[in-house]
Amino acid sequence: MRSVLRPTSAPGFAYLLVTALIAGSLAGCATPPPASDPDALADYRQTNDPLEPTNRFLYRVSDALDVVIMRPIALLYRAAVPEPARTGMHNVLDNIGGPVRFANDVLQGQPKRAGDTAARFAINTTVGIGGIFDVAKMNGIPNHDSDFALTLAYWGVPEGPFLFLPVIGPSSPRDAAGYGVDVAIDPFTWIGRPSHSFTLESYSKTAANAVDQRSRLLDTIASVKKTALDPYATFRSLYRQNRASKLENLRSGNQATVPDLSISPTTQ
């Protein structure tokens, strides 16, 4: 699940969170292998997880919270809500994200993607009854992923080291900052907001997204935790593969949405 950030300071909060984690975790840094072992040193650099001891600790904390909170809620949601209704809810939540995707499509200089996003939002909001039905996809306008972290990556900003952030889950300095910007530019963050605090709609959207995402990955996460020798390393690898695939699709102009494999007990 995602953290609840104040919209007036989301980008600054994301940077502060990353900076504080790094500064407070120096004692938990992994020690690089000596230069006399080039293979181990190359593997260390490829992994790009210098805060691995701290990240693993935060993963264990998040996993424990997932076991007692998010997984039971997701299981109840799956058992109580029929699949067509769950699909409709997922479609609505995806449709609500249209304005943020459109803004990032524009910032990336992708007119075709921006046009598709605008058309999808208009069609699904009207003919699709608020996004319950993905009519645009049925008519040949596919969905795609776009966020400010991808925008930064597209323009050459490096991702930085792997981070496992409390509540947010697998991330990087670039992705954490990008998420904060997405929250800040999301019009649904501000609609009906009489003060500097989140509205009920904002909290409801955050909670619904968390439950929807976690329920859709119940089987996948269970399988990884059951079969992987090192679940933490597997989640880290899947997260990076997912982000790399999305960036490759963006650079190649591929409109297809990459299946979300950035799984962790808290973010999904």
Result of the Cβ filter at 6 Å on region 71-83, keeping first residues that are closer than 19 Å to residue 132 by Cα and partners that are in a helix (DSSP H, G or I), at least 6 apart or interchain, is 77/211; 77/215; 78/215
The residue from 149, 184 that alone is among the hydrophobic types (A, V, I, L, M, F, W, C), touching a helix residue (DSSP H, G or I) at 6+ places or on another chain (Cβ under 6 Å) and surrounded by fewer than 24 Cβ atoms within 10 Å (Cβ to Cβ) is 184
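Does residue 74 meet the test of being at pLDDT 95 or above, surrounded by 21 or more Cβ atoms within 10 Å (Cβ to Cβ), out of contact with any strand residue (DSSP E or B) (no Cβ under 7 Å at 6 or more places or on another chain) and under 27 Å from residue 226 (Cβ atoms)? Working first, answer last.
Details: at pLDDT 95 or above: yes; surrounded by 21 or more Cβ atoms within 10 Å (Cβ to Cβ): yes; out of contact with any strand residue (DSSP E or B) (no Cβ under 7 Å at 6 or more places or on another chain): yes; under 27 Å from residue 226 (Cβ atoms): yes.
Yes; evaluated as a whole, the condition is true for this residue.
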Filter region 211-224 for residues that are of a type in the set (A, V, I, L, M, F, W, C) and farther than 19 Å from residue 87 by Cα; the one that is surrounded by the most Cβ atoms within 10 Å (Cβ to Cβ) is 221
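Being in a loop (DSSP other than H, G, I, E, B) and either at pLDDT 95 or above or not β-branched (Val, Ile, Thr) (or both): is that true of residue 90 here? Please lay out each step first, then the result.
Details: in a loop (DSSP other than H, G, I, E, B): no; either at pLDDT 95 or above or not β-branched (Val, Ile, Thr) (or both): yes.
For residue 90, the condition - in a loop (DSSP other than H, G, I, E, B) and either at pLDDT 95 or above or not β-branched (Val, Ile, Thr) (or both) - is not met.
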Q. Somewhere in region 85-97, is a residue within 22 Å of residue 252 (Cβ to Cβ) and basic (Lys, Arg)?
A. no
Check: Mind checking whether some residue in region 118-128 is over 21 Å from residue 206 (Cα atoms), modelled with pLDDT of 95 or more and not in a helix (DSSP H, G or I)?
Finding: yes
Taking first residues from region 129-158 that are free of Cβ contacts under 8 Å to residues at least 60 places away in the same chain and second residues anywhere that are part of a loop (DSSP other than H, G, I, E, B), the pairs with Cβ under 6 Å that are 6 or more apart or on different chains are 135/127; 135/128; 151/108
Checked pairs for region 170-186, first aromatic (Phe, Trp, Tyr), second modelled with pLDDT of 90 or more and outside any helix (DSSP H, G or I), C-beta under 8 Å and 6 or more apart or across chains, list as 179/147; 179/171
Checked 157, 81 against criteria (among the hydrophobic types (A, V, I, L, M, F, W, C) and more than 30 Å from residue 46 (Cβ to Cβ)); the one match is 81
Selection over region 225-241 where residues are in contact with a Leu (Cβ under 8 Å, 6 or more places away or on another chain) and either surrounded by fewer than 18 Cβ atoms within 10 Å (Cβ to Cβ) or not in a helix (DSSP H, G or I) (or both) yields a count of 1
Expected output for region 224-239 (first residue of a type in the set (Gly, Ala, Ser), partner in a helix (DSSP H, G or I) and surrounded by 15 or more Cβ atoms within 10 Å (Cβ to Cβ), Cβ below 8 Å, 6+ apart or cross-chain) is 228/234
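In this structure, is residue 175 modelled with pLDDT of 95 or more, touching a Phe, Trp or Tyr at 6+ places or on another chain (Cβ under 8 Å) and surrounded by 18 or more Cβ atoms within 10 Å (Cβ to Cβ)? Walk me through how you get there before you give the answer.
Values: modelled with pLDDT of 95 or more: yes; touching a Phe, Trp or Tyr at 6+ places or on another chain (Cβ under 8 Å): no; surrounded by 18 or more Cβ atoms within 10 Å (Cβ to Cβ): yes.
No: the conditions fail for residue 175.
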The correct count of residues that are closer than 25 Å to residue 119 by Cα, assigned to a loop (DSSP other than H, G, I, E, B) and not hydrophobic (A, V, I, L, M, F, W, C) in region 136-164 is 8
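The values are calculated or read from the model by the stated rules, or taken from the named source; none is laboratory data. Worth saying up front: this structure is predicted, and the values here are computed from it rather than measured. Please note: Cβ atoms are built from the backbone with ideal geometry, for glycine as well, and neighbour counts cover all protein chains shown.
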